[in-house]
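Visitor: My questions will all concern the structure given below.
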Amino acid sequence: MATQQTQLLGRSLLAPAVVLLFIWMIVPLAMTIYFATLHYSLLDPGSESFVGLENFRYFLTDPAFLASLQNTLVLVGSVLAITILLGIPLALLLDQPVVGRNFVRLMVIAPFFVMPTVSALVWKNLLMHPVSGLLAWLWQLVGAQPIDWFNDAPMVAIILIVSWQWLPFATLILLTALQSLDEEQKEAAEMDGARATSTFIYITLPHLARPITVVILIETIFLLTVFAEIFVTTGGGPGLQTTNIAFLIYSQALIQFDVGNASAGGLVAVVIANIVAFFLVRIVGRNLEA
Amino acid sequence: MARMVTNKRVVVSTAAAWLFGFLIFFPILWMILTSFKTELDAFAIPPSFLFFHWTTENYATVQERSDYFHHAINSIIIAGGSTLVATLIAVPAAWSMAFAPTKRTKDILLWMLSTKMMPPVGVLVPIYLIYRDVGLLDSRVGLVLILCFGNLPIVIWMLFTYFKEIPKDILEAARMDGATIGRELIYVLAPMAVPGIASTLLLNFILAWNEAFWTLNLSTSQAAPLTVFIASYSSPEGLFWAKLSAASTLAIAPILVLGWFSQKQLVRGLTFGAVK
């Protein structure tokens, strides 16, 4: 039991962090809400006026919003699918007896530590360039027509780059979970004559359910706001083909200088993220009680 | 009892693991190789993998033309500064929640976590305007502050999960022996807390080093860290692949080395203790 003295001390130690986080969260958020109700353009200073929900109506009915919402969902969904569907077999493979496993693990985890601007530019130029990129050369080797990634399939290109960055994260978490799996359970199943596939379906996969959920939620939080990869490669184009919600809001704020509209968009993004966060916080919270 | 592992199985899984590991690592390897080529070799088709004219001139050019060290120092100051400040605020908070928990501790922890879920674009506009008005745009102080707040929840969470594992009995024993709270902190807690604090510093330094939303939006030249420095290569002029590769290699090398040491903390820190 904590004494009264330690409780008081505890509270005063906790206070700075709580107060700072509270200010950091509430001040910008309140300002965003306020700006969202204004006609407010940085190009036209002094013309601010209250417009109610007009910005929301404009933002939500803007064709660019629907396009970028769709792009956001495609990007998040595809990267999640790729990283998990490749991450599970990869983690299973690394869980096998492998000579030099530590070194292989280093190679697999490396992309996660590469800053987004570097991975995007290296992929765009060195690998995906339609004439001199390595992929173009490989395509020619097998007699295929090289793909002009950033003109013909810009979203696929972005998805590939982002998946490459996040595959290590999914793999590492799933591998960590696999290594905590009770070996004896698997042994017992094997002795009872269970085939590898049924061991996988009935023992391994249920064990992975939770880490997979965690991977999905955490990746979603980050993938909803993918920005740098788009910023340095496509600039959201061609047209709106690679504009996600984050990039759309950025361009309204710092390219078109439409503060009111960008703020309304920002709030929409906050709502979307909160839906995901709700589930993540519940899962993590359950873990706290253990 | 260990399961019988046949040699054949080891050979197959080893070969497969090395193949996939190599494939995943390949873009980085290719970037490093390209950084030692001449611009003509970097562009050549068919590409040469090892037998090209090795040169280090790109590294010299990158430093000369775009002042790598200026940006590297910015990265160190911004990532290091924000991590240090966040840790200074977080250690007392995590300590108090781990050792003197109240009924509300869990709610506070979850609330802190939820602030991390706020998408940065949601508050881009007000932060940008505040920074413009108080002159923090393109300043290192401004970036230190924003990354500090952004990572504070993760820092508190990581420290909390580490502190929680320190046995509480040891504190009581110290108290019985007449130790004051100050002495308790310095002689009993600190030595046990140092490994956790070190891992937290490491992981957050990496996260801050690679942060590419606020750094791209709030800095241009003076305070620009390496993320922005690399982004300046997105508008190409002539042959630039070898130089881009050299700049990129320089930008990721330090963090790749640190990152390899932090694998275990990475899982724990990024999943908020949900996967260990």
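Any read-out appearing in this document is the output of simple, stated calculations on the displayed coordinates, not a laboratory observation. Given the structure is predicted, the values throughout are model-derived calculations rather than measurements. No Cβ is skipped: glycine too gets one built from the backbone with ideal geometry, and neighbour counts run over all protein chains shown.
Visitor: Going Cα to Cα from B:Lys8, which lysines come in below 26 Å? Please leave out same-chain ones fewer than 8 positions away.
Guide: Straight-line reach from B:Lys8, under 26 Å: A:Lys186.
Visitor: Find, among the chymotrypsin sites (Phe, Trp or Tyr not before Pro) in the stretch B:36-105, those assigned to loop by DSSP (not H, G, I, E, B) with at most 15 other beta-carbon atoms within 10 angstrom. Don't skip to the end; give the middle numbers.
Guide: Values: sites: B:Phe36, B:Phe43, B:Phe49, B:Phe51, B:Phe52, B:Trp54, B:Tyr59, B:Tyr68, B:Phe69, B:Trp95, B:Phe99; in loops: B:Phe36, B:Phe49, B:Phe51, B:Phe52, B:Trp54.
Counting only loop positions with at most 15 other Cβ atoms within 10 Å, the chymotrypsin sites (Phe, Trp or Tyr not before Pro) in the stretch B:36-105 are B:Phe49, B:Phe51, B:Trp54.
Visitor: OK, next. Given springs between every Cα pair under 10 Å in a Gaussian network model of chain A, which of A:Pro16, A:Pro154, A:Pro28 has the largest fluctuation?
Guide: Of the options given, A:Pro16 has the highest mean-square fluctuation.
Visitor: Using only alpha carbon pairs under 8 Å that are at least six residues apart, calculate the relative contact order of chain B and give it in whole percent.
Guide: Normalised by residue count, the contact order of chain B is 31 percent.
Visitor: Mean shadow of the stretch A:68-153, computed from the convex hull of its alpha carbons, in nm²?
Guide: Details: hull surface 31.2 nm².
Averaged projected hull area, Cα only: 7.8 nm².
Visitor: Let me ask another. Springs between alpha-carbon pairs under 10 angstrom, Gaussian network model over chain B: which of B:Leu250, B:Leu110, B:Leu216 fluctuates most?
Guide: Result for chain B, Cα springs under 10 Å: B:Leu110 fluctuates most.
Visitor: A further question on this structure: Looking at the P(r) of the protein assembly as shown, how many percent of alpha-carbon pairs lie beyond 33 Å? Could you put the intermediate results ahead of the total?
Guide: Values: 75575 of 159895 pairs.
The answer is 47 percent, as a whole percent.
Visitor: Related question: Just in the stretch B:104-163: which trypsin sites (Lys or Arg not before Pro) are loop by DSSP and have at most 11 other Cβ atoms within 10 Å? Working shown, then result.
Guide: Working: sites: B:Arg104, B:Lys106, B:Lys116, B:Arg132, B:Arg140; in loops: B:Arg104.
Of the trypsin sites (Lys or Arg not before Pro), the ones in loops of the stretch B:104-163 whose Cβ has at most 11 other Cβ atoms within 10 Å are B:Arg104.
Visitor: Let's see if you can work this out: charge +1 on each Lys and Arg Cβ, -1 on each Asp and Glu Cβ, no other charges. What is the dipole magnitude of the stretch A:67-244 about its Cα centre, in debye to the nearest 20?
Guide: Working: 6 positive and 11 negative charges, 76 e Å.
Here the stretch A:67-244 has a charge dipole of around 360 debye.
Visitor: Now, a different point. Let me know the shape class of chain B, please: from the alpha-carbon gyration tensor, a ≥ b ≥ c as square roots of the eigenvalues, rounded when a/c is under 1.5, otherwise prolate if a/b is greater than b/c, or oblate. Walk me through the numbers on the way to the answer.
Guide: Values: a/c = 2.48, a/b = 1.39, b/c = 1.78.
Note, shape of chain B comes out oblate.
Visitor: Beyond 25 Å between alpha-carbons counts as too far, so tell me which of B:Lys243/B:Lys264; B:Lys116/B:Lys168; A:Lys124/B:Lys37 fall in that bin.
Guide: The pairs that break the limit, which is 25 Å between Cα atoms, are B:Lys243/B:Lys264; B:Lys116/B:Lys168.
Visitor: Place a point 7 Å from the Cα of B:Gln222 along the Cα-to-Cβ direction; which residues of the stretch A:18-57 have their backbone N under 18 Å from it?
Guide: none
Visitor: Taking 0.36 nm per residue of separation and subtracting the Cα-Cα distance, what length does fully extending A:Phe279 through A:Leu60 add?
Guide: Values: separation 219, 0.36 × 219 = 78.84 nm, distance 2.49 nm.
Net length gain for the segment: 76.3 nm.
Visitor: What's the magnitude of the charge dipole for the protein assembly as shown around its Cα centre, counting Lys and Arg as +1 and Asp and Glu as -1 at the beta-carbon? Answer in Debye, nearest 20. Kindly include the intermediate steps, with their values, before the conclusion.
Guide: On the way: 29 positive and 32 negative charges, 247 e Å.
Dipole size: approximately 1180 debye.
Visitor: When you have a sec, figure out the Kirkwood radius of the stretch B:16-109 from all distinct Cα pair distances and drop it here in Å to one decimal? Each step should come with its number before you reach the end.
Guide: Details: mean 1/r = 0.0548 Å⁻¹.
Mean inverse Cα-Cα distance, inverted, gives 18.2 Å.
Visitor: Just tell me how shielded A:268-281 is by partners: mean number of partner chain Cβ atoms within 10 Å of each residue's Cβ, no decimals. Each step should come with its number before you reach the end.
Guide: Details: counts 3, 7, 6, 2, 2, 6, 5, 1, 1, 7, 2, 0, 8, 7.
Averaged over the peptide's residues, the number is 4.
Visitor: Could you tell me what a quarter of the Cα convex hull surface of the stretch A:67-244 works out to, in nm² with one decimal place? Display every interim value, and only then the final one.
Guide: Values: hull surface 48.6 nm².
Its average projected convex-hull area is 12.2 nm².
Visitor: Quick check on the exposure proxy: order B:Leu23, A:Leu167, A:Leu80, B:Leu244 from fewest to most C-beta atoms within 10 angstrom. Let's see the in-between values first.
Guide: Numbers: B:Leu23 11, A:Leu167 22, A:Leu80 18, B:Leu244 26.
By the 10 Å Cβ count, ascending: B:Leu23, A:Leu80, A:Leu167, B:Leu244.
Visitor: Strictly greater than 17 Å: what percent of every Cα pair in the stretch A:154-264 meets that?
Guide: So the pairs more than 17 Å apart make up 66 percent of the total in the stretch A:154-264.
Visitor: From largest to smallest, what semi-axes in whole angstrom does the stretch A:17-128 give when each is the square root of 5 times an eigenvalue of its alpha carbon gyration tensor? Intermediate values should be presented prior to the final figure.
Guide: Values: eigenvalues 391, 82, 50 Å².
Computed over the stretch A:17-128, the values are 44, 20, 16 Å.
Visitor: Same structure, new question: Give the residue from B:Leu19, A:Val232, A:Leu13 lying farthest towards the positive end of the charge dipole for the protein assembly as shown; charges sit on Cβ (+1 for Lys and Arg, -1 for Asp and Glu) and the dipole is referred to the Cα centre.
Guide: Result: A:Leu13, furthest along the dipole toward the positive end.
Visitor: Quick one: grab Rg to one decimal and Dmax as a whole number for the stretch B:25-68, Cα atoms only, in Å.
Guide: 11.1, 32
Visitor: Would any residue of the stretch A:214-258 have its amide N under 12 Å from a label point 7 Å out along Cα→Cβ of A:Val156? List them or say none.
Guide: none
Visitor: Counting other C-beta atoms within 10 Å, and keeping those with at most 16, which DSSP coil chymotrypsin sites (Phe, Trp or Tyr not before Pro) do you find in the stretch A:218-277?
Guide: Values: sites: A:Phe222, A:Phe227, A:Phe231, A:Phe247, A:Tyr250, A:Phe257; in loops: A:Phe227, A:Phe257.
Of the chymotrypsin sites (Phe, Trp or Tyr not before Pro), the ones in loops of the stretch A:218-277 whose Cβ has at most 16 other Cβ atoms within 10 Å are A:Phe257.
Visitor: Take the alpha carbon atoms of the stretch B:186-276, find their radius of gyration, then divide it by 2.2 N^0.38 Å using N residues; give the quotient.
Guide: Values: Rg = 17.3 Å, N = 91, 2.2 N^0.38 = 12.2 Å.
Ratio of Cα Rg to 2.2 N^0.38 Å: 1.42.
Visitor: Which three lengths, in whole Å and largest first, does the stretch B:200-239 cover when its Cα atoms are put on their principal axes?
Guide: Cα extents, longest axis first: 42, 21, 15 Å.
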